[in-house]
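Let me begin by presenting the structure, written as structure tokens, before commenting on it.
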Amino acid sequence: MLAGGCFARVLPLDPTCSRAARSYFREAVAGMGLPGDLTHDGVTMASELAANTLHAQENVEYSGSSHLPVSGCPEFWLYLRGAGTACELVCKVFDSQPGWNSGELPDVNMRTAESVNGRGLQVVAGLSAGQWGAHLTRGRLGSWKVPGKVVWFGLRVPPSCEAVARRRLAIGGCGAVDDLEAMLVGRGLGGRLVRADQAGSGISVLSIAHGLTVWCHRDQASWRAPDGHYERRSLTDLVEVAELIVCAHEELRAAAGRA
């Protein structure tokens, strides 16, 4: 994570998922110098998010021969975004059910735990001071990248922490565009992705799907979100940029399916 990557692990398909999430959180932040109270809050919230995946396992794919899960399993993700006083630790738990138990798509702008069932999310809302939410996305692990959703929370990392002092920002320029393209292909968006580089201008264009084109210029990426507003993000936060683009892609797919 300190080098700009994402810590990702598969969660068990049984009640041990919460214990696994607690263990993963501690493993991922070891050596980052997080204060004890932040670590405790993060462990507690990660456990609550993982517990919700027990109700969202309808789309797990099993191998025919061994009946082992190969795609669509719940996943635990942790990464850093921002820098300096704006550095934040983001924890996301993925499952392959696009909506909640009712089948409705999650409100990507929700900020109140009353939006969904379960007291666990009220705990997350409280401990994160409202810095939490949900959005459509695709898995990172498994034999193919299954669509679904994540529920997430963020924790602001104090500037005095080792995580802030040691964090190495991602490279800029063409190297960042190469990495972004590889991330999107790795998440299953490579089928229709077309890239064009404008020689001498430092501009690269990634056409990902109808209605989703990403412009990369120097250290910035910009694209039009499904709701019409324009996103502009620094390419030093490649994991976050890729995740937002995957989210936009899945929102467009969902809208097309409802049309």
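The values are calculated or read from the model by the stated rules, or taken from the named source; none is laboratory data. Treat the numbers as computed from the prediction; the structure is a model and nothing was measured. Using ideal geometry, Cβ is built from the backbone for each residue, glycine included, and neighbour counts are taken over all protein chains shown.
Values for this structure:
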| quantity | calculated |
| --- | --- |
| Residue that is surrounded by the most Cβ atoms within 10 Å (Cβ to Cβ) [pool: residues in the stretch 63-102 that are among the aromatic types (Phe, Trp, Tyr) and under 28 Å from residue 235 (Cα atoms)] | 94 |
| Test: residue in the stretch 239-258 that is among the acidic types (Asp, Glu), farther than 24 Å from residue 86 by Cβ and surrounded by fewer than 19 Cβ atoms within 10 Å (Cβ to Cβ) | no |
| Considering residues of the stretch 15-39 that are part of a helix (DSSP H, G or I) and of a type in the set (A, V, I, L, M) only, the residue farthest from the chain's Cα centre (by Cα) | 38 |
| Positions within the stretch 217-228 being closer than 16 Å to residue 203 by Cβ and surrounded by fewer than 20 Cβ atoms within 10 Å (Cβ to Cβ), in sequence order | 217, 218, 219, 220, 222 |
| Residue match in the stretch 229-236 (condition: aromatic (Phe, Trp, Tyr) and either surrounded by 13 or more Cβ atoms within 10 Å (Cβ to Cβ) or under 19 Å from residue 182 (Cβ atoms) (or both)) | no |
| Subset of the stretch 222-259 (residues that are touching a strand residue (DSSP E or B) at 6+ places or on another chain (Cβ under 6 Å), closer than 17 Å to residue 4 by Cα and of a type in the set (S, T, N, Q)) | none |
| Enumerated strands (runs of 3 or more DSSP E) restricted to the stretch 191-240, each holding at least 2 residues that are within 21 Å of the chain's Cα centre (by Cα) and either among the hydroxyl-bearing types (Ser, Thr, Tyr) or modelled with pLDDT of 95 or more (or both) | 203-209, 212-217, 220-224, 230-234 |
| Residues being without any contact (Cβ under 8 Å) to a residue 24 or more places away in the chain, in contact with a strand residue (DSSP E or B) (Cβ under 9 Å, 6 or more places away or on another chain) and not in a loop (DSSP other than H, G, I, E, B) - total across the stretch 40-75 | 1 |
| Every residue from the stretch 146-187 that is in contact with a strand residue (DSSP E or B) (Cβ under 7 Å, 6 or more places away or on another chain), more than 20 Å from residue 252 (Cα to Cα), at pLDDT 90 or above and outside any strand (DSSP E or B) | 157, 177 |
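One line per residue, one yes/no per condition, for (1) closer than 19 Å to residue 16 by Cα; (2) modelled with pLDDT under 90:
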{"residue": "56", "(1), (2)": "yes, yes"}
{"residue": "64", "(1), (2)": "no, yes"}
{"residue": "75", "(1), (2)": "yes, no"}
{"residue": "79", "(1), (2)": "no, no"}
{"residue": "109", "(1), (2)": "no, yes"}
{"residue": "137", "(1), (2)": "no, no"}
{"residue": "144", "(1), (2)": "no, yes"}
